[in-house]
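Shown next, in structure tokens, is the structure this report addresses.
The values are calculated or read from the model by the stated rules, or taken from the named source; none is laboratory data. Values in this document were obtained by computation on a predicted structure and should not be read as measured data. Counting neighbours? That spans all protein chains shown, and the Cβs are built from the backbone with ideal geometry, glycine included. Side chains are part of the model used for accessible areas, which takes the heavy atoms of the whole protein and leaves out ligands, DNA and RNA. Shrake-Rupley method; radii C 1.70, N 1.55, O 1.52, S 1.80 Å.
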Amino acid sequence: MAFIVKKNINGNDYYYLRESKRQGDKVISKCLAYLGKSRGEAQKKADEIIKNLGKNKKDSGVMEEKKENVFASTAISIEDMAAFCRRKGFVYRSGDIYGGLSGFWDFGNLGVELKNNLKREWWKYHVYSREDVVGIDGSIITSPKVWESSGHVASFVDVAVVCKKCGFKTKIDKHELGKVKCEKCGAEYENKGEFNPMFTTQVGPVKEDSIISYLRPETAQLIFADFKFVQENARMKLPFGIAQVGKAFRNEISPRDFLFRCREFEQMEIEYFVNPEEACPYEIGETEILVYDACMQKENKEMQKMKFKEAFQKGIIKTKWHAYWLEQEYLWFISLGANPGKFRIRQHMSDEKSHYALDTWDLEYEFPFGWKELQGMANRGDYDLQQHMKYSKKDLSIFDEEKKKKIVPHVVCEPSQGVERALLVFLFDAYYEDKERNNIILKLHPKLSPIKAAVFPIVKKPEFEKIAENVMKLLKQEWYVVYDRSGSIGRRYARNDEIGTPYCITIDGDSIKNKDVTIRDRDTTKQIRVKISDLKNTLRKLIEGEIEFEKAGKVL
Ligand code: GAP
């Protein structure tokens, strides 16, 4: 069944096509495409998509409109977001009691849950839901030869500069030398020379016998180095991808903007390998996005809104693979509740690309401090596998049974995402100061919410507390849930709204008689009554978005 869904974001209506499919006893929903801003346009596009999918209206179910409850988020600065995260237990400065260390952050009891949920959702979307991607977990420190072969030792360099007037220190890309002015006061920069942002470390306790290696600056190289093992062990056939989530380190000259630019961070990366002679078999959807290619930037033109498909057909995005992955990555953010109006794709200028890239597009987000890179998607060609073959003298090619020849796969696209930047996106789009409720409501998607439910006995009496403790026992096998018995019910709701808990479960007088509880929805404050025996299943369906709140129980 396909639905047209209307979301109201910052006062504007946006239409999407969402599909719900029953799989066993579950209903799986996913966003198929962005349909535009008007109902008429949305219906036209939806009809077209369904026709293209080879289905007629009857097969895909009645098209109907559901209104989703999406509040506008409240714009706050990055400093205010950092203060909120610290106050609520999401993120602290690392080593804060000693004054902290610039570029390093610790995640508190809520931050660790949010981060783990985000990584889990990324893994489910990119690995479990596809048959062409498998994962690895490489080590942080590896043979330094990996970094010599990849070009990171020689070419992974930034230029350190200091403002001649205000003394502001930062790094710029080589191509920006002489072109950019101080971002604080507009004066000229003084070139302080090139530096390599890789952290070095001594491996081995005795200095004379030890070797110098590096903390990995990207997770990607371990995928290339392990490529042949994984391809053989997982019996992967081209095209296929290898995914990895893990820590990366860069000795940034000027870490700033809270989690945006850190020295220790996490990446979620895929290297997607293809036979360069074979076309992309996947369809590009009808999603629209703001596009800002190298030409528009050079000629100082406005970015343009267009479909990913159109950008590929017009030759703006050079390969279908690149257009396909850019759309997939954008849709991942939207499927978890990010604001579609704040994304664009931007092509790197020719002198901006990394040493390994043939063409690079970034997925960018409009942060309070401007449009910034959220995710880099480079076409790395066969650069990395060729380099590792040359330096290791190992054959990393694949034998093509059909054509009876060896091929070195190309990485047509490398979706490379920083966990911390994604986390900021979801926090900014969820943060809402509700004037009526006089409270912050953190409208995180329930899949991302650190605490899935808070359980309250309405009064501190043993008969209520006994049921509440049993409900806790039931739910905590599966999720991070909390038990809260202090303060008024209103205060307890507000406390949980502020940290994004989507559901509050109350045990009251009727619970004793009827063996049921009240579930209250964070965003609408609506309440339903659910039997305790159905509670776990109902909560699971609500978190996964498989059921509407008002259909999940008896509405009060
Ligand atoms: N393997 C390709 C690669 O590492 P990149 O553009 O240098 O490409 C990919 O990094 C992503 O990693 C960025 O889009 C960003 O989300 C994240 N990232 C990079 N440097 C970061 C930093 N200093 N702090 C936080 N995230 C960072």
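GLY193 meets each of the listed conditions (1) open to solvent by 60 Å² or more (accessible area, probe 1.4 Å); (2) more than 14 Å from the ligand (Cβ to nearest atom) apart from (1). Considering VAL153, VAL146, the condition of being modelled with pLDDT of 85 or more and either under 27 Å from the mean Cα position of the chain (by Cα) or crowded, with 19+ Cβ neighbours inside 10 Å (or both) is satisfied by VAL146 alone.
Each row is one residue, and each column tells you yes or no for (1) within 15 Å of the ligand (Cβ to nearest atom); (2) polar (S, T, N, Q).
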| position | (1), (2) |
| --- | --- |
| PRO415 | yes, no |
| TYR431 | no, no |
| ASP434 | no, no |
| ASN438 | no, yes |
| PRO450 | no, no |
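Evaluated against (1) open to solvent by less than 40 Å² (accessible area, probe 1.4 Å); (2) on the phi > 0 side of the Ramachandran plot, TYR493 falls short on exactly one condition, (2).
Of the residues ILE270, ILE284, ILE289, ILE316, which single one is within 16 Å of the ligand (Cβ to nearest atom) and surrounded by 15 or more Cβ atoms within 10 Å (Cβ to Cβ)?
Values: ILE284 fails: within 16 Å of the ligand (Cβ to nearest atom); ILE289 fails: within 16 Å of the ligand (Cβ to nearest atom); ILE316 fails: within 16 Å of the ligand (Cβ to nearest atom).
Just one listed residue meets the conditions, ILE270.
Here the strands (runs of 3 or more DSSP E) wholly within region 81-169 that include at least 3 residues being within 30 Å of GLY337 (Cβ to Cβ) and of a type outside the set (S, T, N, Q) are 91-93, 105-107, 133-136. With respect to the conditions (1) under 23 Å from ALA220 (Cβ atoms); (2) of a type in the set (Lys, Arg); (3) free of Cβ contacts under 8 Å to residues at least 40 places away in the same chain; (4) more than 15 Å from the ligand (Cβ to nearest atom), LYS404 falls short on a single one, namely (1).
Are any residues in region 417-429 of a type outside the set (S, T, N, Q) and within 16 Å of the ligand (Cβ to nearest atom), and if so, which ones? Before you say what the answer is, go through the steps one by one.
Of region 417-429, the ones of a type outside the set (S, T, N, Q) are 418-429.
Correct list: GLY418, VAL419, GLU420, ARG421, ALA422, LEU423, LEU424, VAL425, PHE426, LEU427, PHE428.
Do you know which residues across region 157-199 are hydroxyl-bearing (Ser, Thr, Tyr) and farther than 25 Å from LYS353 by Cβ? Scanning region 157-199 gives no hits.
Is there a residue in region 386-394 that is within 14 Å of the ligand (Cβ to nearest atom), assigned to a helix (DSSP H, G or I) and either of a type in the set (Gly, Ala, Ser) or open to solvent by less than 30 Å² (accessible area, probe 1.4 Å) (or both)? Checked against the condition, which is being within 14 Å of the ligand (Cβ to nearest atom), assigned to a helix (DSSP H, G or I) and either of a type in the set (Gly, Ala, Ser) or open to solvent by less than 30 Å² (accessible area, probe 1.4 Å) (or both), region 386-394 yields no hits at all. Counted as qualifying within region 173-280 are the strands (runs of 3 or more DSSP E) with 3 or more residues that are over 28 Å from LEU118 (Cβ atoms), namely 189-195, 200-203, 211-214. So, in region 338-385, of the ones that are under 20 Å from PRO409 (Cβ atoms) and more than 13 Å from the ligand (Cβ to nearest atom), which residue ends up most open to solvent (accessible area, probe 1.4 Å)? Restricting to residues being under 20 Å from PRO409 (Cβ atoms) and more than 13 Å from the ligand (Cβ to nearest atom), the top hit is LEU358. If you go through region 245-261 one residue at a time, do you hit one that is away from the ligand (no atom under 16 Å from the Cβ) and either modelled with pLDDT of 90 or more or surrounded by 12 or more Cβ atoms within 10 Å (Cβ to Cβ) (or both)? No, region 245-261 contains no residue that is away from the ligand (no atom under 16 Å from the Cβ) and either modelled with pLDDT of 90 or more or surrounded by 12 or more Cβ atoms within 10 Å (Cβ to Cβ) (or both).
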